[in-house]
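Following: one structure in C-alpha cells, then a few remarks.
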Amino acid sequence: MAVNQTSSLVATNDIRDIRPPVEIANPWAWLWWTLAALALVAALIALWRYWQRRRAEIPKLPPVPAHLRAKQKLQEALALIAQPKPFCIAVSDTARHYLEERFDFRAPERTTEEFLHELQRTDLLTRDQKESLGHFLQSCDLVKFARYEPGEPELRDLHASAWRLVEETEPVEIRSPESEVQSTQPA
C-alpha cells in the first residue's frame, strides 16, 4: 500500500491548471479594414471634388485697373490737403505705385533721383511727362523731407499734376468693330 500512496501523490502533483482560450483570428477582418480604408479614401476624394467645383463656380471679379485705383486714392488724398506732409506722402506714393503697376517700374523702392534716372532711359513716358513727373516728385520731396509747407493752391497743383499723369498714361480701351456697330445703332 505504501507504493500505491506515493504513486497517487505523484499523480496529484502532476495536474496543471486549465489554459485560457486561444483566440482564433477572424479570416474576414482584413476585408473589413480594407473596405473601411477604401470608404475613407472615397469620401475624401468626393469632398475634394465638391470643393473644386464650388471654387470654380464662384465668379472671379476682374482686378481693378491700376489707373482707377490710383484715381480713387488721389481722390481720398484730398481729405488730407490741410496737412501738407501727409498729403504729399499720399499723393506721391499713389503716383509711384501707379507707375510701378502700369509700367513695371520699381518706383516705391528707389529714391527720387534713382527713379528719375531710370525713367530717362525708357520710352514709356513722353519727355514732357518725364519733366512734369520729375518736378512733381521733387516738390513732394521738399515737403516730405525739407519741412517745406506749401499753401493749399500749391498742394492742389501737385494733386492736379498727379491726376494728369494718371489720365495721360492710362491704357486706351480698344473697342472691337462689332461693339462700335452695336453702339451706333439706335435701340
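Tell me whether region 68-81 contains one or more residues that are loosely packed, with under 10 Cβ neighbours inside 10 Å, within 20 Å of the chain's Cα centre (by Cα) and among the small types (Gly, Ala, Ser).
Checked region 68-81: no residue is loosely packed, with under 10 Cβ neighbours inside 10 Å, within 20 Å of the chain's Cα centre (by Cα) and among the small types (Gly, Ala, Ser).
Would you please list the contacts, defined by Cβ atoms under 9 Å and residues six or more apart or on different chains, that run from a residue in region 26-48 that is of a type outside the set (D, E, K, R) to a residue that is modelled with pLDDT of 85 or more?
That search, which allows pairs on different chains as well, returns ASN26/TRP32.
When both residues are 6+ apart or on different chains and their Cβ atoms are under 7 Å apart, which pairs have a first residue that lies in region 68-93 and is outside any helix (DSSP H, G or I), and a second that is of a type in the set (A, V, I, L, M) and surrounded by 15 or more Cβ atoms within 10 Å (Cβ to Cβ)?
ILE81/LEU155
Have a look at THR112, THR94 and point out the one that is surrounded by 17 or more Cβ atoms within 10 Å (Cβ to Cβ) and modelled with pLDDT of 90 or more.
Result of the check over THR112, THR94: THR94.
May I ask you to list the residues in region 82-96 that are within 25 Å of the chain's Cα centre (by Cα) and farther than 19 Å from HIS135 by Cβ?
Within region 82-96, no residue meets the criteria.
Tell me, which residue of region 140-187 that is small (Gly, Ala, Ser) and modelled with pLDDT of 90 or more is surrounded by the most Cβ atoms within 10 Å (Cβ to Cβ)?
Step by step, filter region 140-187, then rank; the result is ALA162.
When region 1-38 is examined, which residues are found to be in a helix (DSSP H, G or I) and modelled with pLDDT of 80 or more?
Within region 1-38, ALA29, TRP30, LEU31, TRP32, TRP33, THR34, LEU35, ALA36, ALA37, LEU38 meet the criteria.
With respect to ALA70, determine if the residue is out of contact with any Gly (no Cβ under 7 Å at 6 or more places or on another chain) and modelled with pLDDT under 90.
No, not satisfied.
Restricting to region 109-153, give me the number of residues that are under 21 Å from GLN83 (Cβ atoms) and part of a loop (DSSP other than H, G, I, E, B).
Residues in region 109-153 being under 21 Å from GLN83 (Cβ atoms) and part of a loop (DSSP other than H, G, I, E, B): 6 in total.
The values are calculated or read from the model by the stated rules, or taken from the named source; none is laboratory data. The structure displayed is predicted, hence computed values, not measured ones. Cβ sites come from the backbone with ideal geometry, for glycine too, and all protein chains shown count toward neighbours.
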